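Colleague: This is the structure, below, for whatever I ask next.
The values are calculated or read from the model by the stated rules, or taken from the named source; none is laboratory data. Given the structure is predicted, the values throughout are model-derived calculations rather than measurements. Backbone-built Cβ (ideal geometry, glycine too); neighbour counts: all protein chains shown. To get the accessible areas, we keep the full protein, side chains included, count just its heavy atoms, and leave off ligands, DNA and RNA. Shrake-Rupley method; radii C 1.70, N 1.55, O 1.52, S 1.80 Å.
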Amino acid sequence: MSILEELKWRGLVADCTDAAELAKRISAPVTLYCGFDPTADSLHVGHLVPLLALRRFQNFGHHPIAVAGGATGSIGDPSGKSAERSLLTKEQIKANVEAVRPQLARLLDFERKPNPAKLVDNAGWTAGLSFLDFLRDIGKHFSVNQMVAKESIRARMEDREAGISYTEFSYMLLQAFDFYVLARDSGCELQIGGSDQWGNITAGTDLMRKKLGKQGYGLTMPLITKSDGTKFGKTEGGAVWLDPKKTSVYKFYQFWINTADADVIRYLKFFTFLTREEIEMLEKQHTENPGARAAHKALAKAVTDLIHGEGATAEAIRASEILFGGELKGVAESTFNEIIGEVPTKELEKAKLDGAGFALVELLVHAGLATSKGQARKDIEGGGVNINNVREASATRTVTSSDLLFNKHLLLRKGKKNYVVVTAK
């Protein structure tokens, strides 16, 4: 199977400038690139499809280049945007590039022989370029009529309220210039990106042909949507980031485990390196027994392993199990801390746990798990109350400091899903 056939069965080909010729060309190793503008200090899950596509090409023996957009990021890509972006300062862009660099490095292999990945910053070849030289040498090759016809430009121009600034209008030229420079200096022949990048990519192939007399290729991947039509990669808390300081490993894992049934097989194809046979087996299991959620677990584990490593994934899985009644013996404090923000919390004066301790029936009322001490007694005697995921059957039970996890927390549960973390202070 060629890399194009691999991408097609995964549903990762939206369009191609010359599919027949590209299929011939990639029978031998080709150099390709994809750009990522550092608009934030982390990439998010929406960046994964093109990034993983670079890795897929590398796995097939091709030479990938990831371009961090220190230059293009200072302009702002109008593609897919209904309004003008806020410009970042040079200091912000530089800091974002440095923050994103290790994330790119995690997904590509920079040591692999004989086709190591490269990471470059397009600020490197634009810094010394004068505005007049750019207009004369690059701008001269572009027709405004053709630029206006590009979807990303036309949509903004038709919106009289938003419009488009000359700054963002010029973005296409900068991205085309990237392709030209990489073709000239690194022998790059192929640019990949999301389908919203089609106009920018074809501008680059045009410039290569005019300036270098070479054929360049463009390949786009579909923009990922959910089966219900909502935007992929967004939660109630906002974007799902690759940086664990912005999206915890637990929440990252939960994002994937909560994938809709209708999307899970597609996402296994898009976001993992599982083989066709492995995915078809998971699809069969999913069809026969969707309640087992084998496909969801495989998806969440594979993507979290890839981004955060197997150790972090194991902690996220353990934290998830805790919220399904899993035992707490030997759990790490860092793992327990992952779930604190996921369930209601209540503070309690630590002194109340001294000596004989605090009556469990009163604690349940304090935590909001029972409306009265009488109701709390019924719940306990009915077997519906757990302390640190251990069932408690005695309504006369008291809670003391010895029950605290990490000398500060209690995990109370009533029924299957009503959790409260009580923190003693």
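Colleague: Among Thr398, Ala294, Ala14, pick out the residue whose Cα is farthest towards the positive end of the charge dipole of the chain, where Lys and Arg carry +1 and Asp and Glu carry -1 on C-beta, about the Cα centre.
Modeller: Thr398
Colleague: Rounded to the nearest 5, what % of the DSSP beta bridges within the chain are antiparallel ones? Each step should come with its number before you reach the end.
Modeller: Details: 20 of 42 bridges.
Percentage antiparallel, nearest 5: 50.
Colleague: Roughly how many debye, to the nearest 20, is the charge dipole of the chain about its Cα centre, given +1 on each Lys and Arg Cβ, -1 on each Asp and Glu Cβ, and no other charges? Walk me through the intermediate numbers first.
Modeller: On the way: 55 positive and 52 negative charges, 59 e Å.
It works out to roughly 280 debye.
Colleague: Under a 1.4 Å probe, what is the accessible area of the stretch 29-68 per residue, stated in Å²?
Modeller: On the way: 860 Å² over 40 residues.
Each residue of the stretch 29-68 exposes 22 Å² on average to a 1.4 Å probe.
Colleague: Could you give the size of the charge dipole of the stretch 132-206 about its Cα centre, using +1 on the Cβ of each K and R and -1 on the Cβ of each D and E, expressed in debye and rounded to the nearest 20? Write out the running numbers ahead of the final one.
Modeller: Numbers: 7 positive and 12 negative charges, 42 e Å.
Approximately 200 debye in magnitude.
Colleague: Could you work out the Kirkwood radius for the stretch 1-92, taking every pair of different alpha carbons, averaging 1/r and inverting it, reported in Å?
Modeller: Working: mean 1/r = 0.0660 Å⁻¹.
With all distinct Cα pairs of the stretch 1-92 included, I get 15.2 Å.
Colleague: Taking only C-alpha pairs under 8 Å that are 6+ residues apart, what is the relative contact order of the stretch 104-175 in percent?
Modeller: Numbers: 20 pairs, mean separation 11.1, N = 72.
With pairs under 8 Å counted, the relative contact order is 15 percent.
Colleague: Taking 0.36 nm per residue of sequence separation and subtracting the Cα-Cα distance, how much length would be gained by fully extending the chain between Thr345 and Val390, in nm to one decimal? Present the calculation step by step, with values, prior to reporting the outcome.
Modeller: Numbers: separation 45, 0.36 × 45 = 16.20 nm, distance 1.87 nm.
Result for the pair: 14.3 nm of gain on full extension.
Colleague: Calculate the dipole size of the stretch 241-312 relative to its Cα centre from +1 charges on Lys and Arg beta carbons and -1 charges on Asp and Glu beta carbons; express the result in debye to the nearest 20.
Modeller: Numbers: 10 positive and 10 negative charges, 60 e Å.
Approximately 280 debye in magnitude.
Colleague: Dividing the Cα convex hull volume of the stretch 138-296 by residue count, how many Å³ per residue is that? Walk me through the numbers on the way to the answer.
Modeller: Details: hull volume 28.3 nm³, N = 159.
Output value, Cα hull per residue: 178 Å³.
Colleague: If you fit an axis through the alpha-carbon atoms of helix 310-322 and take the longest principal axis of the Cα set of the chain, what angle between them do you get, 0 to 90°, nearest 10?
Modeller: On a 0 to 90 degree scale, this one is about 40.
Colleague: Can you order the peptides 25-37, 112-124 by their average number of other Cβ atoms within 10 Å per residue, highest first?
Modeller: On the way: 25-37: 19.1, 112-124: 15.7.
Most protected by this proxy first, the peptides run 25-37, 112-124.
Colleague: A follow-up question, please. Within the accessible area of the chain, what % is carbon and sulfur when the probe is 1.4 Å and the other protein chains stay in place?
Modeller: Values: 10380 of 20400 Å².
Result for the chain: 51 percent of the exposed heavy-atom area is carbon or sulfur.
Colleague: DSSP loop (so not H, G, I, E, B), at most 12 other Cβ within 10 Å: list which GluC sites (Glu not before Pro) in the stretch 47-125 pass both filters. Walk me through the numbers on the way to the answer.
Modeller: On the way: sites: Glu84, Glu91, Glu98, Glu111; in loops: Glu84, Glu111.
Within the stretch 47-125, the qualifying GluC sites (Glu not before Pro) (loop, at most 12 other Cβ atoms within 10 Å) are Glu111.
Colleague: Just name one of Ser165, Gly415, Thr313: the one whose Cα is farthest towards the positive end of the charge dipole of the chain (beta-carbon charges, Lys/Arg +1, Asp/Glu -1).
Modeller: Looking along the dipole axis, the top candidate is Gly415.
Colleague: Could you work out the equivalent-ellipsoid semi-axes for the chain, taking the square root of 5 times each eigenvalue of the Cα gyration tensor, largest first, in whole Å?
Modeller: Details: eigenvalues 540, 112, 70 Å².
Semi-axes from the Cα gyration tensor: 52, 24, 19 Å.
Colleague: Between the stretch 134-179 and the stretch 251-312, what's the alpha-carbon centroid distance in Å?
Modeller: Measuring centre to centre over Cα atoms gives 40 Å.
Colleague: Please give every one of the lysines within straight-line cross-link reach of Lys8, meaning a C-alpha to C-alpha distance under 20 Å, and leave out same-chain neighbours fewer than 8 residues apart.
Modeller: Lys24, Lys226, Lys269
Colleague: Using a Cα-Cα cut-off of under 24 Å, which lysines could be cross-linked to Lys350, ignoring same-chain neighbours fewer than 8 residues away?
Modeller: Answer for Lys350, where 24 Å is the Cα cut-off: Lys329, Lys373, Lys408, Lys414, Lys425, listed by chain and number.
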